[in-house]
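> Here it is, the structure, as structure tokens.
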Amino acid sequence: MQAVILDGFGAPLALREIPDPVAGPGEVVIRVKACGVCHSDLHLADGDWDLLKRITKLPLVLGHEVTGVVESAGPDSGFAPGDRVGVPWLHWTCGMCEYCTTGRETLCGEQKITGVTVDGGFAEFVKAPASHTARIPDGISLEDAAPLFCAGLTVYKALKSSGIESGQTLAVFGVGGLGHLAVQIAKARGVRVAALDIAEDKLALARECGADLTVDLRTGQARKALRPLGGAHVAIVCSGAKAAYESALTCLRKGGTLVVVGMPAEPISVSAVTLVAGEYRIIASAVGTREDLRELLDLAAAGGIRCRVETAPLSEAGAALERMRNGAITGRVVLTPLVS
């Protein structure tokens, strides 16, 4: 099969032939129809995150927003050829540790990660454990579903963890692949949404997605713009820019919650005095569980959210990463493999 290979951190991606995967017991081989290009793929390719560099498989097939149809199923998989399915970042978890048994499987110490510790979906086929392969409901295309397996899932779980309620105010910093889905998920929950970014095309996308207020961060007036709303109950940072965190904290109302999702390569810093004075909370959220994913896919199938996608062939994976590096993508690029 053809696959896009990362041979080393900082190396250009290469499209070449590698052996087809074979399904064993409890596994499926999926004919990939779509795979989203995530900012995490760019960070992985560039070797930005030391934590993941230590566990990343090389050479590696990137891609963890995978959708397609089952090509073959091993014994005891529970799937059949033709089933519409997807594979998320969380490729496998042990099911026995304290985190897996208490609904926090994203913290499993034995977890395998799609497109990091095992080969991912920038390929014609991908192999996955049936236990962590998700069925995709009718009512959503495989191209639209692909970004939900990381971008959508990450913000869905983060908003759940934040405790935000209908009628409250959410500030979304960064209206990219994650941020424009966060706007839609929040609106589906009856939340008032302010979207903040430095790019007019992304602010326009936020308005299309239902944002009640958009703010150009280049004006330096984020706090002032949120003041008539009393400040945000929750601010979720979907941007990988350190400055977004500094601005987000100033936009919270007292007792508000800052949600860490975007991951700058450099450490973020906050004032302890400011935190104590406002009794602010800071929480972090990493992707989501299989149950979170089922809930999100049902919401999407019912028409509650839809990702802005553009498609590109596997051969343009490197170009997609370069566009992402330059901030030139609005929504999500989804790679479509060469198989029919």
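Only the coordinates and a few stated rules stand behind these numbers; no lab work does. Keep in mind that what you see is a predicted model, and the values were worked out from it rather than measured. For neighbour counting, all protein chains shown are included, and Cβ atoms are generated from backbone atoms with ideal geometry for every residue, glycine included.
> Could you work out how far apart the two model spin labels at residue 138 and residue 218 are, taking each label as a point 7 Å from the Cα in the direction of the beta carbon, and quote it in nm?
Label-label distance for residue 138 and residue 218, simple model: 4.7 nm.
> OK, next. What nm value, rounded to one decimal, do you get for the distance between residue 131 and residue 53 when each label is placed 7 Å out toward the C-beta?
Distance between the two pseudo-spin positions: 3.2 nm.
> Same structure again: Determine the dipole magnitude for segment 187-340: charges of +1 sit on the beta-carbon of Lys and Arg, -1 on that of Asp and Glu, nothing else is charged, the reference point is the Cα centre, and the result goes in debye to the nearest 20. Kindly include the intermediate steps, with their values, before the conclusion.
Working: 20 positive and 16 negative charges, 100 e Å.
Value, rounded to 20: 480 debye.
> Only bridges whose two residues both fall in the chain count here: according to DSSP, what percent of them are antiparallel, nearest 5?
Details: 29 of 57 bridges.
About 50 percent, rounded to the nearest 5.
> If exposed means no more than 16 neighbouring beta carbons inside 10 Å and the site is in a DSSP loop, what's the longest run of the chain without any exposed chymotrypsin sites (Phe, Trp or Tyr not before Pro)?
Numbers: sites that count: 9, 49.
That would be 50-340.
> A further question on this structure: Checking the table 53/112; 160/187; 57/127; 157/187; 53/160 against a 21 Å threshold on Cα-Cα, which pairs fail?
Values: 53/112 14 Å; 160/187 13 Å; 57/127 15 Å; 157/187 15 Å; 53/160 29 Å.
Cα-Cα > 21 Å for 53/160; rest within.
> Please compute the contact order of the chain in relative form: average sequence separation of alpha-carbon pairs under 8 Å and at least six residues apart, divided by the residue count, as a percent. Please list the in-between numbers first.
On the way: 813 pairs, mean separation 65.8, N = 340.
Relative CO of the chain lands at 19 percent.
> Another question, if that's okay. From the P(r) of segment 152-284, could you give the percentage of C-alpha pairs in the tail past 20 Å? Don't skip to the end; give the middle numbers.
Values: 3077 of 8778 pairs.
Cα-Cα pairs in segment 152-284 separated by more than 20 Å: 35 percent.
> Please give the length that would be gained between residue 201 and residue 277 if that part of the chain were fully extended, namely 0.36 nm times their separation in residues minus their C-alpha to C-alpha distance (nm, one decimal).
23.7 nm is the gain from fully extending residue 201 to residue 277.
> Mean separation of Cα pairs under 8 Å and 6+ residues apart, divided by the residue count of segment 174-236: what relative contact order is that in percent? Each step should come with its number before you reach the end.
Working: 73 pairs, mean separation 17.9, N = 63.
It comes to 28 percent, rounded to a whole number.
> How do 313-324, 259-270 rank on mean C-beta neighbours within 10 Å, highest first? Present the calculation step by step, with values, prior to reporting the outcome.
Numbers: 313-324: 17.8, 259-270: 15.8.
The peptides rank, most packed first, as 313-324, 259-270.
> Over all pairs of distinct alpha carbons, what does the Kirkwood formula give as the hydrodynamic radius of the chain, in Å? Don't jump to the answer; show the numbers that get you there.
Values: mean 1/r = 0.0495 Å⁻¹.
Its Kirkwood hydrodynamic radius stands at 20.2 Å.
> Then there's this: Percentage of Cα-Cα pair distances in segment 235-340 greater than 17 Å, rounded to whole percent? List each step's numbers first, then the result.
Numbers: 3822 of 5565 pairs.
Value for segment 235-340: 69 percent of Cα pairs lie more than 17 Å apart.
> Which order do peptides 177-190, 19-32 fall in by mean Cβ count within 10 Å, highest first?
Numbers: 177-190: 24.6, 19-32: 18.4.
Ranking, from highest mean packing down: 177-190, 19-32.
> So how much slack lies between residue 17 and residue 270, counting 0.36 nm per residue of separation and subtracting their Cα-Cα distance, in nm?
Details: separation 253, 0.36 × 253 = 91.08 nm, distance 4.77 nm.
In short, 86.3 nm is gained.
> Continuing with this model, one more query. Length gain on complete extension for the stretch residue 161 to residue 254, per 0.36 nm per residue less the alpha carbon to alpha carbon distance? Walk me through the intermediate numbers first.
Details: separation 93, 0.36 × 93 = 33.48 nm, distance 1.85 nm.
Roughly 31.6 nm would be gained on extension.
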